[in-house]
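S.K.: I have a structure here, written as structure tokens, and I will follow up with some questions on it.
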Amino acid sequence: MNSAPANPAAVRADQIHAGYAAADVLRGISLSVEPGQVFAIVGPNGSGKSTLLRVLAGSMRRRGGTVEICGRPLESYDRRALAKVVASVAQENQVAFRFTVLELVLMGRAPHLGAFRFESHADLEIAREALAHFDLLEFAHRHVEELSGGERKRVFLARALAQQPRVVMLDEPTAFLDLRHVAGIFARFRELAAERAMAVIATLHDLNAAATYADRVMLLKDGVAVATGTPVEVLTEENLRRVYELEVYVGRNPSTGALAILPSGRPPARA
Amino acid sequence: MIQSGGAPQISRVGAGFDDLAGAHLTRGRMLAIVSALAALTAAAALIATAFGSVHISLERALFDPASPDHVIFVAARLPRVMMGIAVGAVLASVGAALQALVRNPLAEGGILGISGGSAFGAILALVFASRIGAGQSVVPIFAFAAALLSTLAVYRIAQVDGQLEPFTLLLVGVIFNAFWGAAIMLVNSVVNLYYAHTILFWLMGSLEAPTWREVAVVSGLGAAGFAVLMSKARDLNLLSLGDETAAELGVEINALRRNIFIATSLMIGAAVSVSGIISFVGLIVPHVLRLAFGSDHRLLLPASLLGGAAFMVLADLAARVVIAPAEIPVGAITALCGGPFFIYMLRRQDRGALSL
């Protein structure tokens with residue numbers, strides 16, 4: 001996974017510390033994600049996955065460490081400039097008023113447009129392409145509030161794509177989706193990452209999704225990276241047992257050769 | 001760099017956008033709707049100028065400067081209709097902006113108690129500023145300052161764990177309204193009778209007997225505030241997605257909030273200083289327009305401006321003629337329409353229309 005030195009990492013973080021009030025949530029996290037890579041952040045509930053994502057996206061202040069986006073310090077971007085480079089999709093998404101699916105996806109063009117400018121044909125083309133990527137074209141006229149949770153999630157992913165970012169940050173992108181859409185969305189993001197040299201960073205509960213779709217995985221526990229590397233390097237029985245405090249079986253999917261992870265024992269009894 | 005617009009885009013192989021037509025706001029659609037609403041407002045203004053408690057002949061009013069018809073037309077009816085246009089336009093567009101800011105379709109200057117605070121400020125200025133030699137011109141300034149303070153207070157108090165709870169916000173509004181009502185009555189009971197009628201006027205909301213100077217004040221300040229709102233229309237759309245997502249789409253949230261607070265307070269202060277507390281216009285008009293034309297604030301704001309003007313002019317016509325020659329305060333008319341409407345919206349909200 002080495003890139004030419006002339007190409008800066010899409011995201012590079014060094015020794016990040018962050019937290020809420022008195023609690024330290026992240027304690028010295030470092031990572032580097034190359035353009036075109038799919039990078040998964042996994043770990044138990046409360047391990048700091050979402051916090052890490054929010055810090056990298058510039059939505060949460062950190063207490064220490066540095067973050068660089070496309071070779072420039074995060075702080076050197078103003079909000080609009082950052083929105084042209086980084087797109088984020090939160091785990092839960094609200095829409096306060098009635099907007100159509102197309103209107104919502106076109107909101108992704110906002111960082112590229114002035115206050116009064118109407119969306120051009122180029123913007124519409126980009127939005128249409130984003131809709132098509134997530135099988136939403138026939139939904140363009142529908143109101144977002146009328147859609148199911150899974151459909152709505154895809155609308156927000158399409159909005160992020162319409163931003164034409166260099167980096168996409170997804171917080172549990174497949175939380176409300178069925179198996180087919182999980183596979184479809186990851187396949188889509190892998191294609192797009194390769195095609196556009198776009199980096200994809202996603203937090204995932206689902207270890208099998210991380211094993212199957214990520215180029216690199218970071219395993220978090222209590223705000224510390226226990227391991228970072230390829231799925232085979234990181235998602236070992238030993239590492240997972242330590243992090244989840246559970247006996248885990250790691251095998252291979254006989255048809256694809258990808259890792260297959262299953263719990264194999266009960267959690268140890270606590271004192 | 002702006003990637004779109006600029007150089008003419010060479011369309012790809014027959015890339016039409018028929019499949020997307022009507023699913024988003026275009027310049028053509030916006031112009032058509034705004035023109036239609038402008039025509040509607042003009043029609044409402046014409047009707048309201050032609051009718052009143054006294055019958056006048058438009059022909060004499062326009063062409064015979066010596067006739068009483070002319071005097072009634074120029075000195076009474078025309079400024080009153082102009083005032084209705086300005087106040088209605090201000091209240092409805094402020095309502096739309098406040099709703100976007102707090103992400104709550106039930107928010108409105110009157111309901112949130114901002115108009116009440118503003119009226120209290122105006123009354124203080126009226127009663128006490130004259131004693132220290134300051135003229136009437138301080139009234140809009142006090143109304144603005146009080147509106148701004150009320151807005152900030154409502155916004156702060158309604159926040160629970162950094163989130164604006166929809167129902168907490170409305171409750172805070174209820175409490176503020178009761179509080180400001182009591183404060184105004186307190187002032188009323190300590191000042192002499194001379195002010196009592198004026199204070200009642202502020203409490204009820206009325207367009208009675210405006211001067212051209214007042215029309216100019218509310219139009220000028222209203223236009224300035226509205227220009228700020230319009231320049232933030234796209235940001236207000238993004239705000240519907242929540243503060244964090246809006247920020248991730250390039251919105252400077254704190255600066256936006258500050259601008260909207262100041263612009264809406266300026267507008268409410270201007271309206272209240274000339275017409276008192278007129279509630280529910282900012283609730284009814286944007287809601288109906290949102291249902292009809294969608295939520296894009298680039299259209300919703302100007303549509304509310306025009307729709308509010310038309311609504312107010314017609315409500316004021318009703319206020320003038322229903323029990324002529326006596327008058328009903330127009331604030332009573334809007335509240336009589338708005339109360340049931342508010343309850344209807346609240347019930348709809350139970351079914352999830354608010355949060356998603």
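S.K.: Suppose the chain between residue A:92 and residue A:72 were pulled fully straight at 0.36 nm per residue; how much longer would it get relative to their current alpha carbon spacing?
M.R.: Contour length minus the Cα-Cα distance gives 4.3 nm.
S.K.: Determine the gain in length on full extension of the stretch residue B:75-residue B:32; use 0.36 nm per residue of separation and subtract their C-alpha separation, reporting nm with one decimal.
M.R.: Additional length available on full extension: 12.0 nm.
S.K.: If you rank A:14, A:178 by fewest surrounding Cβ atoms within 10 Å, what's the result?
M.R.: A:178, A:14
S.K.: What is the spread of the Cα atoms of segment A:31-148 along each of their three principal axes, largest first, in whole Å?
M.R.: 44, 34, 29
S.K.: A further question on this structure: Would you calculate the volume per residue, in Å³, of the smallest convex hull containing every Cα atom of the protein assembly as shown?
M.R.: Values: hull volume 125.5 nm³, N = 627.
Convex hull volume per residue, Cα atoms: 200 Å³.
S.K.: With a cap of 12 neighbouring Cβ atoms within 10 Å, and only residues DSSP puts in a loop, list the chymotrypsin sites (Phe, Trp or Tyr not before Pro) found in segment A:56-130.
M.R.: Passing both the DSSP loop test and the Cβ count: A:116.
S.K.: Taking 10 °C and 1.306 mPa s as the conditions, I'd like the Stokes-Einstein D for chain B in µm²/s, using the Kirkwood hydrodynamic radius from alpha carbon pairs.
M.R.: Stokes-Einstein gives a translational diffusion coefficient of 74 µm²/s.
S.K.: Within a 10 angstrom radius of each residue's Cβ in A:118-128, how many Cβ atoms of other chains show up on average? Whole number is fine.
M.R.: 6
S.K.: A follow-up question, please. Which of B:318, B:75, B:86 ends up with the largest GNM mean-square fluctuation for chain B, with Cα atoms connected below 10 Å?
M.R.: Highest fluctuation among the options: B:75.
S.K.: Here is a further query. Enumerate by residue number the GluC sites (Glu not before Pro) in segment A:39-134 meeting two conditions: DSSP loop (anything except H, G, I, E, B), and at most 15 other Cβ atoms within 10 Å of the site's Cβ.
M.R.: Numbers: sites: A:68, A:75, A:92, A:103, A:119, A:125, A:129; in loops: A:92, A:119.
Those that pass, being in a loop and sparsely packed, are A:92.
S.K.: I would also like to ask the following. Compute the FRET efficiency between residue A:132 and residue A:183 as 1/(1 + (r/R0)^6), taking r as their Cβ-Cβ distance and R0 = 22 Å, and round to the nearest 0.05.
M.R.: On the way: r = 18 Å, r/R0 = 0.81.
Calculated value: 0.80.
S.K.: With each run of n ≥ 4 DSSP H residues scored as -39500 (n - 2.57), what mean residue ellipticity at 222 nm is computed for chain B after dividing by its residue count and rounding to the nearest 500 deg cm²/dmol? Display every interim value, and only then the final one.
M.R.: Numbers: 15 runs with 244 residues, N = 356.
Calculated mean residue ellipticity at 222 nm is -23000 deg cm²/dmol.
S.K.: Pick out, in residue order, every one of the GluC sites (Glu not before Pro) in segment A:183-265 that is DSSP loop and has at most 15 other C-beta atoms within 10 Å; say none if there are none. Intermediate results must be reported in sequence, preceding the final value.
M.R.: Details: sites: A:191, A:195, A:233, A:237, A:238, A:245, A:247; in loops: A:245, A:247.
Within segment A:183-265, the qualifying GluC sites (Glu not before Pro) (loop, at most 15 other Cβ atoms within 10 Å) are A:245, A:247.
S.K.: From the convex hull of the Cα coordinates of segment B:35-144, what is the mean projected area in square nanometres? Walk me through the numbers on the way to the answer.
M.R.: Values: hull surface 41.1 nm².
Reported value for the Cα convex hull: 10.3 nm².
S.K.: Can you tell me the 0 to 90 degree angle between the C-alpha axis of helix B:27-50 and the longest principal axis of chain B, rounded to 10?
M.R.: So the helix axis and the longest Cα principal axis differ by about 10 degrees.
S.K.: Counting pairs of Cα atoms in segment B:286-353, how many percent are more than 19 Å apart?
M.R.: The share of Cα pairs beyond 19 Å in segment B:286-353 comes to 49 percent.
S.K.: Let me ask you something else. Please work out the FRET efficiency for the pair residue B:161 and residue B:344, using the Cβ-Cβ distance as r and a Förster radius of 45 Å; give the result to the nearest 0.05.
M.R.: E(calc), rounded to 0.05, equals 0.90.
S.K.: While we're on this one: Given charges of +1 on the Cβ of Lys and Arg and -1 on the Cβ of Asp and Glu, with all other atoms neutral, how large is the dipole of the protein assembly as shown about its Cα centre, in debye to the nearest 20? Numbers along the way, then the final one.
M.R.: On the way: 52 positive and 49 negative charges, 107 e Å.
Result for the protein assembly as shown is approximately 520 debye, rounded to the nearest 20.
S.K.: Amide H of residue B:111 versus every other amide H placed in the peptide plane: which residues, excluding those fewer than 5 positions away on the same chain, fall under 5 Å?
M.R.: B:280
S.K.: Ok, one more. Cross-link partners among lysines for residue A:221, C-alpha distance below 22 Å, same-chain residues fewer than 8 apart left out?
M.R.: Qualifying lysines at Cα under 22 Å: A:49.
S.K.: Using only the alpha carbons of segment B:191-247, determine the length spanned along each of the three principal axes and report them from longest to shortest in whole angstroms.
M.R.: 54, 24, 16
S.K.: Please give me the summed charge of the neighbours of residue A:192: other residues whose Cβ is under 13 Å from its Cβ, Lys and Arg +1, Asp and Glu -1.
M.R.: Spelling it out: positives minus negatives among the neighbours equals +1.
S.K.: Give me the log10 of I(q) over I(0) for segment B:180-308 at q = 0.11, 0.12, 0.23 Å⁻¹, as the Debye formula computes it from C-alpha points; what are the numbers?
M.R.: For segment B:180-308 at q = 0.11, 0.12, 0.23 Å⁻¹, log10 I(q)/I(0) is -0.51, -0.60, -1.35.
S.K.: Still on this structure, I have one more. Among A:157, A:169, A:133, whose Cα lies farthest out toward the positive end of the dipole of segment A:129-173, if unit charges sit on the beta carbon of Lys, Arg (+1) and Asp, Glu (-1)?
M.R.: A:169
S.K.: Using only C-alpha atoms and all pairs of different ones, pull out the Kirkwood radius for chain A in Å with one decimal.
M.R.: For chain A, the Kirkwood estimate is 19.4 Å.
S.K.: Between residue B:213 and residue B:182, what FRET efficiency follows from the Cβ-Cβ distance if R0 is 30 Å, with the result rounded to 0.05? Intermediate values should be presented prior to the final figure.
M.R.: On the way: r = 31 Å, r/R0 = 1.04.
The value I calculate is 0.45.
S.K.: Would you work out the relative contact order for chain B, in percent, from Cα pairs under 8 angstrom that are 6 or more residues apart?
M.R.: Relative contact order, chain B: 29 percent.
S.K.: As a footprinting exposure proxy, order A:169, B:204, B:230 by other Cβ within 10 Å, with the fewest listed first.
M.R.: In order of increasing Cβ crowding within 10 Å: B:204, B:230, A:169.
S.K.: Using only alpha carbons, build the gyration tensor for segment B:237-321 and give me the equivalent ellipsoid semi-axes, biggest first, whole Å.
M.R.: Values: eigenvalues 167, 59, 14 Å².
After diagonalising the Cα gyration tensor, the semi-axes are 29, 17, 8 Å.
S.K.: Could you work out the mean projected area of the convex hull around the alpha carbons of segment A:116-170, in square nanometres to one decimal?
M.R.: Here the figure is 4.6 nm², rounded to one decimal.
S.K.: Cα convex hull of segment A:166-227: how many Å³ per residue?
M.R.: Taking only Cα atoms, segment A:166-227 has a hull volume of 89 Å³ per residue.
Values quoted throughout were computed directly from the atomic coordinates according to the rules given, and no laboratory measurement underlies them. The shown structure was predicted, so the numbers you read here are calculated from the model rather than taken from an experiment. No Cβ is skipped: glycine too gets one built from the backbone with ideal geometry, and neighbour counts run over all protein chains shown.
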